[in-house]
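Every read-out reported here was derived from the displayed coordinates using simple, explicitly stated rules and does not represent laboratory data. Remember, predicted model here, so these are calculated numbers, not experimental data. Positions of Cβ are backbone-derived with ideal geometry, glycine not excepted, and every protein chain shown enters the neighbour counts.
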Amino acid sequence: MVPAVIGVAIALGSHQWVAYAADVPTDSMNPTIPAPCYVVVDKLATELARPYRGEVVLFHFPDDPSQIYVKRIIGMPGDTVKVTYDHIYINGKLLSEPWPHGANEYGLGTYHVPSGHYFMMGDNRPVSFDSRFWQHPYVARSAIIGQAQYVFLPLSKLGAIQQ
């Protein structure tokens, strides 16, 4: 009985503080994260280190915290993000995006990221419902759950997520 209780405690603790699986139902991060699929989320990656530009994270959606979204961090606290059709500029400098992404067809404009918050965009820009369109466009640090690290289901889509 004691080993079973210890096993359950370890499993619950791991899910709460270390890693868990999350469903990705939309194409907003395609081709980086193909939909539909399940990803492994590393909670410690964002707890032990500061989130960074280009990192793919899961977070509570600012307009409805009961929903969990997955996007890429584009703007850091204090940044000015300018989204044009062809490019993204951070504080006046062209953002180098080594990850695959679509054109910025919509949500063009300039965004000023407040302290303690992040500006998020999906890699599949033409269909991504991201910071450009939300009523509350910035994600608080406290709303970030963890880093999306691997696609694990379906097995045909198994692989690491490009950060």
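Quick look at the numbers
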{"quantity": "Around residue 121: net Lys/Arg minus Asp/Glu count, Cβ-Cβ under 9 Å", "calculated": "+2"}
{"quantity": "For residue 130, net neighbour charge (Lys/Arg +1, Asp/Glu -1) across residues whose Cβ lies under 11 Å away", "calculated": "+3"}
{"quantity": "Charged-residue dipole, Cβ positions (Lys, Arg, Asp, Glu), the chain about Cα centre, Debye nearest 20", "calculated": "280 debye"}
{"quantity": "Inter-label distance for residue 155 and residue 129, nm, one decimal - labels placed 7 Å from Cα along Cα-to-Cβ", "calculated": "3.4 nm"}
{"quantity": "Sequence of 139, 56 once ranked by neighbouring C-beta atoms within 10 Å, starting from the fewest", "calculated": "56, 139"}
{"quantity": "Along each principal axis, Cα extent of the chain, largest first, Å", "calculated": "61, 36, 26"}
{"quantity": "Residues whose placed amide H lies under 5 Å from that of residue 146, excluding near-sequence neighbours", "calculated": "58"}
{"quantity": "Other-chain or far-sequence residues with amide H under 5 Å of residue 153's (modelled H)", "calculated": "38"}
{"quantity": "Estimated [θ] at 222 nm from DSSP helical runs (n ≥ 4, -39500 (n - 2.57)) normalised by residues in the chain, nearest 500", "calculated": "-4000 deg cm²/dmol"}
{"quantity": "Signed unit charges on C-beta, dipole axis of the stretch 2-160, positive-most listed residue 61, 49, 152", "calculated": "49"}
{"quantity": "Under 9 Å, Cβ to Cβ, from residue 54 - net charge with Lys/Arg +1 and Asp/Glu -1", "calculated": "0"}
{"quantity": "Residue order, fewest to most beta carbons within 10 Å, for 101, 136", "calculated": "136, 101"}
